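A.B. asks: Just dropping this structure here.
The values are calculated or read from the model by the stated rules, or taken from the named source; none is laboratory data. Predicted model only: the values in this text are computed from it and were never measured. Reconstructed Cβ throughout: ideal geometry from the backbone, glycine too, with neighbour counts over all protein chains shown. Heavy atoms of the whole protein, side chains included, go into the accessibility calculation; ligands, DNA and RNA do not. Shrake-Rupley method; radii C 1.70, N 1.55, O 1.52, S 1.80 Å.
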Amino acid sequence: MPTPRETILAELHAQLSALPATALRGDALPERVPPAGMLILRDGEPGEPEVTLSPLRYHYQHRAEIEAVVQGAARDTAFDTLCASIGAAIATDRTLGGLCDWIEAEAPRPVDLPVEGAASLKAAVIPVVLHYSTVDPLG
């Protein structure tokens, strides 16, 4: 049985997979970026939990990351559209079907990346904070 952490990350990936952009999890950036863009979900860091006793619970503010990448002549517009679609997907269900207490994305910091012999990339890491509790830090 998967841990709550894995279940939450898998559900977030499933929500991202419903977007027009190609969504991967933990993979390297492929050589070609699809026209609709590419999303790569990184598991990130759960950080130090706050602990409550009676009952024992570990409360996490897990920081996952979504790498958003677009390429092409209209990359500024495509990047804006991609970021807006990520925000809309997260806002649709901020508890991921009741798996976590709350999910929120932070603003991206876009950068332009030159590619030799091809159109440059526009990319950003979008931090996503997942608030959830568990009875075991390993489970």
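A.B. asks: Do you know which residues across the range 32-63 are polar (S, T, N, Q) and either surrounded by 13 or more Cβ atoms within 10 Å (Cβ to Cβ) or modelled with pLDDT of 95 or more (or both)?
C.D. replies: THR52, GLN61
A.B. asks: Given the options THR81, THR77, name the one that is in a helix (DSSP H, G or I), hydroxyl-bearing (Ser, Thr, Tyr), more than 14 Å from ALA124 (Cβ to Cβ) and out of contact with any Leu (no Cβ under 8 Å at 6 or more places or on another chain).
C.D. replies: Exactly one residue qualifies, and that residue is THR77.
A.B. asks: Hey, can you tell me all the residues within the range 73-104 that are aliphatic (A, V, I, L, M), open to solvent by less than 50 Å² (accessible area, probe 1.4 Å) and closer than 30 Å to TYR58 by Cα?
C.D. replies: Across the range 73-104, the qualifying residues are ILE86, ALA89, ILE90, LEU96, ILE103.
A.B. asks: Which pairs turn up if I take residues in the range 60-72 that are outside any strand (DSSP E or B) and look for partners that are open to solvent by 10 Å² or more (accessible area, probe 1.4 Å) with beta carbon separation below 6 Å, at least 6 apart in sequence or on another chain?
C.D. replies: Filtered contacts from the range 60-72: GLY72/ALA119.
A.B. asks: Among the residues of the range 105-136, count how many are in contact with a Ser or Thr (Cβ under 7 Å, 6 or more places away or on another chain) and either open to solvent by less than 60 Å² (accessible area, probe 1.4 Å) or not charged (D, E, K, R) (or both).
C.D. replies: Filtering the range 105-136 for residues in contact with a Ser or Thr (Cβ under 7 Å, 6 or more places away or on another chain) gives 112-114.
Now drop any that are not either open to solvent by less than 60 Å² (accessible area, probe 1.4 Å) or not charged (D, E, K, R) (or both), which leaves 113-114.
Final tally of qualifying residues: 2.
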